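**Q** Below are the structure tokens for one structure; questions will follow.
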Amino acid sequence: MFAQEGDNMEFLVLAYDGADGAVPGRRLANRAAHLELIGKLVAQGKVLYGAAILDEAERMIGTALVCDFPSRAEVDAWLEVEPYVTGGVWKKIDIQRCKTGPAFVKKPSK
């Protein structure tokens, strides 16, 4: 499903949770599957880093991810099977091309 090599493009994925009161339960129910998939994508170098999006009360309202995929179609393919999407946690997703600054790029250690 996901390409293994080639010239990749970076994407900023801002995934916002639904606003209904059942979201925390859906997030918890899908968390293990989400973390398993994200862990695989991190190991493959497809998810570079992420962070929780918090509201003023520091409650999680979404997720920000910087990803490195061969194409936008590959991002869309991941989102089609992402447990937080299929489980109804993420309700609004904004995807934008981006480029990680050189100060943030991990360099091989010598």
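**Q** If you scan the range 43-75, which residues turn out to be in a helix (DSSP H, G or I) and surrounded by 14 or more Cβ atoms within 10 Å (Cβ to Cβ)? Before the answer, list the steps.
**A** From the range 43-75, those in a helix (DSSP H, G or I) are 43, 72-75; that's our starting set.
Across the range 43-75, the qualifying residues are E74, V75.
**Q** Continuing with this model, one more query. For the range 93-104, check the following and say yes or no: at least one residue is farther than 21 Å from N8 by Cα and part of a strand (DSSP E or B).
**A** Let us first name the residues in the range 93-104 that are farther than 21 Å from N8 by Cα, namely none.
Within the range 93-104, not a single residue is farther than 21 Å from N8 by Cα and part of a strand (DSSP E or B).
**Q** Out of the range 76-110, which residues are among the aromatic types (F, W, Y), surrounded by 10 or more Cβ atoms within 10 Å (Cβ to Cβ) and within 22 Å of A43 (Cα to Cα)? Talk me through it step by step, then tell me what you get.
**A** Here is the first cut: in the range 76-110, the ones among the aromatic types (F, W, Y) are 78, 84, 90, 104.
Adding the requirement that they be surrounded by 10 or more Cβ atoms within 10 Å (Cβ to Cβ) leaves 78, 84, 90.
Residues satisfying the conditions are W78, Y84.
**Q** Tell me the residue from L79, L48 that is of a type outside the set (G, A, S), under 23 Å from A22 (Cα atoms) and in contact with a strand residue (DSSP E or B) (Cβ under 8 Å, 6 or more places away or on another chain), please. Working first, answer last.
**A** Details: L48 fails: under 23 Å from A22 (Cα atoms).
That would be L79, the only listed residue that is of a type outside the set (G, A, S), under 23 Å from A22 (Cα atoms) and in contact with a strand residue (DSSP E or B) (Cβ under 8 Å, 6 or more places away or on another chain).
Laboratory data are not the source of any read-out in this text; all were calculated from the coordinates shown. Note that the structure is predicted; figures quoted are calculated from it, not measured. Glycine gets a Cβ as well: all are built from the backbone with ideal geometry, and neighbour counts include every protein chain shown.
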